[in-house]
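Data first, discussion second: the structure below is written as structure tokens.
Every number in this text was worked out from the coordinates using simple rules, so none of it is lab data. Just so we're clear, the structure is a prediction, and the values are computed from it rather than from any experiment. Neighbour counts run over all protein chains shown; Cβ positions are idealised from the backbone, glycine included.
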Amino acid sequence: MIDKTFDHPRTGDVKPTVPVDIPKMETAFSALGLSDALAFGVQEMGYVTPTPIQAQAIPVVLQGGDVIGSAQTGTGKTAAFALPIIQRLGTHGKLRCLILEPTRELALQVEEAFQKYAKFTDLRVTIVYGGVGYGKQEDDLRRGVDIIAATPGRLLDHLERGNCSLANVDILVLDEVDRMLDMGFLPDVRRIVQQCPKARQTLFFTATLPPELEQLAGWALRDPVKIEIGRVRSPAETVAHAFYPVVATQKFDLLQLLLEQTDFKSVLIFCRTRMGADRIAHRLEKSGHTVGVMHSDRNQRERIEALQGFKTGKYEVLVATDIAARGLDIAGVSHVINYDVPENAEDYVHRIGRTGRAQNTGDAFTLVTEEDVRDARSIERYMGVSVERKKIDGFPYIYSALFDEKALAETAAAAVKPASRLHRGARR
Ligand code: AMP
């Protein structure tokens with residue numbers, strides 16, 4: 001077997017030595033039309049069967065068709081577009097593929113996935129995002145890349161500075177477009193799309209399609225093939241979830257007990273506010289856990305460090321606000337704990353989607369106080385399922401009426417004041 005090394009464009013390191021003498025492949029991935037090199041690559045990553053979105057999207061993307069796809073995170077969406085894109089690009093040339101992501105974390109994740117899938121090619125992948133200096137990104141762009149994963153604002157800065165051009169982009173991926181809409185990025189996205197050639201392939205992924213996005217899709221796509229996988233409303237079936245009623249003053253004690261009684265590998269804990277996340281992290285640290293923290297007050301370096309530390313096992317617990325909930329692929333999260341009930345039902349699905357990804361199973365616990373009863377109900381209505389209420393034996397509950405649903409609903413109706421609910425969004 002011949003060995004070859006490629007320069008690694010992002011880190012300046014050298015790509016690991018890779019075999020280029022790829023065997024003839026006859027796998028479920030090659031049957032979709034993927035080359036031996038790509039089928040070999042995914043086999044090395046341990047993938048045996050294509051996920052439904054991969055089975056549907058790979059042949060369409062290979063043929064150059066536009067796609068409008070709705071698939072939950074954790075469905076293998078990234079590989080569904082990355083693998084056929086890599087095949088279409090072939091070998092190193094000009095900047096021909098742009099993937100736009102709403103957050104730096106997602107951009108990093110997609111770039112990492114491309115690096116892995118493109119291991120047996122000489123394609124160059126890089127990332128462009130804000131919150132860090134320009135130097136490294138300018139160097140990478142100057143050296144020449146085939147694929148960029150980017151957040152919109154920083155990409156526009158580079159375009160304005162003349163650091164790169166989109167004139168040769170053949171494939172444009174707009175990922176998590178509904179999230180871009182939420183974050184106010186749509187004008188930037190339009191400006192970027194306008195700089196790409198009209199004759200191109202466009203892949204558009206979104207969980208929901210409100211009128212603004214329908215309009216954007218109508219303008220940016222040509223005869224797209226619609227691919228719909230699952231409903232965003234339902235969490236993965238591999239996740240077992242339960243509500244744990246508790247009064248607000250006993251939340252932390254119950255959390256401690258849950259952690260003690262649970263045989264966990266890695267736990268992601270969601271809080272509603274940044275201050276709340278810091279406070280819980282601090283208390284958990286004091287009680288002997290290794291903890292990373294992720295929220296929007298932390299700078300990019302700190303966020304990357306927290307995420308990496310969690311992925312590598314340095315931190316057994318990651319405490320986060322919803323910034324970490326959407327789309328992040330953190331392999332092997334065994335448990336998600338909602339320390340606070342999320343303020344909107346869709347966030348619940350995204351939060352618990354961090355566990356039970358791909359073929360793994362996971363557990364999701366949610367602490368529900370008397371004030372949260374209504375939100376908990378609306379989560380159940382949104383998903384169309386009822387979630388089991390659980391009580392932990394031996395915990396000194398100070399308010400046993402918590403388990404009386406009817407009494408609780410009445411308490412909640414009395415406790416929730418419209419003004420306090422209105423403020424919630426601003427605190428995240
Ligand atoms: P994604 O939805 O793209 O974020 O992918 C979720 C996770 O599933 C990632 O960790 C992928 O590495 C993994 N994955 C993607 N495709 C497959 C597959 N066909 N078989 C097993 N795991 C996969």
Task: Table column - 3J(HN,Hα) (Hz), the stretch 186-197, Karplus curve with 6.51, -1.76, 1.60, x for Gly and Pro - done: 4, x, 5, 4, 4, 4, 5, 4, 5, 8, 8, x
Task: Relative exposure of Tyr397, Tyr348, Tyr339, judged by other C-beta atoms within 10 Å (fewest first) - done: Tyr397, Tyr339, Tyr348
- [ ] Can you check what the net charge comes to around Gln56, using other residues whose Cβ is under 15 Å from the Cβ of Gln56 (Lys, Arg +1; Asp, Glu -1)?
- [x] 0
Task: ³J(HN,Hα), Karplus 6.51/-1.76/1.60, whole Hz, each residue of the stretch 243-250, x for Gly, Pro - done: 9, 10, x, 6, 7, 3, 5, 9
Task: Exposure proxy order (Cβ contacts within 10 Å, fewest to most) of Ser35, Ser378 - done: Ser378, Ser35
Task: Long-range amide H partners of Ile227 with built H, under 5 Å - done: Ile68, Gly69, Ser70
Task: Cβ-based exposure ranking for Phe120, Phe365, in which fewest neighbours within 10 Å come first - done: Phe120, Phe365
Task: 3J(HN,Hα) from dihedral phi, the stretch 260-271, Karplus parametrisation 6.51/-1.76/1.60, rounded to Hz, x for glycine, proline - done: 5, 8, 9, 8, 10, 9, 8, 10, 9, 10, 9, 10
- [ ] Classify the stretch 187-306 as rounded, prolate or oblate, taking a ≥ b ≥ c as the square roots of the eigenvalues of its Cα gyration tensor: rounded when a/c is under 1.5, otherwise prolate if a/b is larger than b/c and oblate if not.
- [x] prolate
TODO: Specify whether the C-alpha gyration tensor of the stretch 30-228 places it in the rounded, prolate or oblate class, a ≥ b ≥ c being the square roots of the eigenvalues: rounded for a/c under 1.5, otherwise prolate if a/b is larger than b/c and oblate if not.
DONE: oblate
Task: Amide hydrogen neighbours beyond the local backbone of Ala364, cut-off 5 Å, H modeled - done: Ala240, His241, Ala242, Val336
- [ ] Quick one: which residues, 5+ away or cross-chain, put their amide H under 5 Å from the amide H of Leu95? H built at 1.01 Å from N.
- [x] Val145
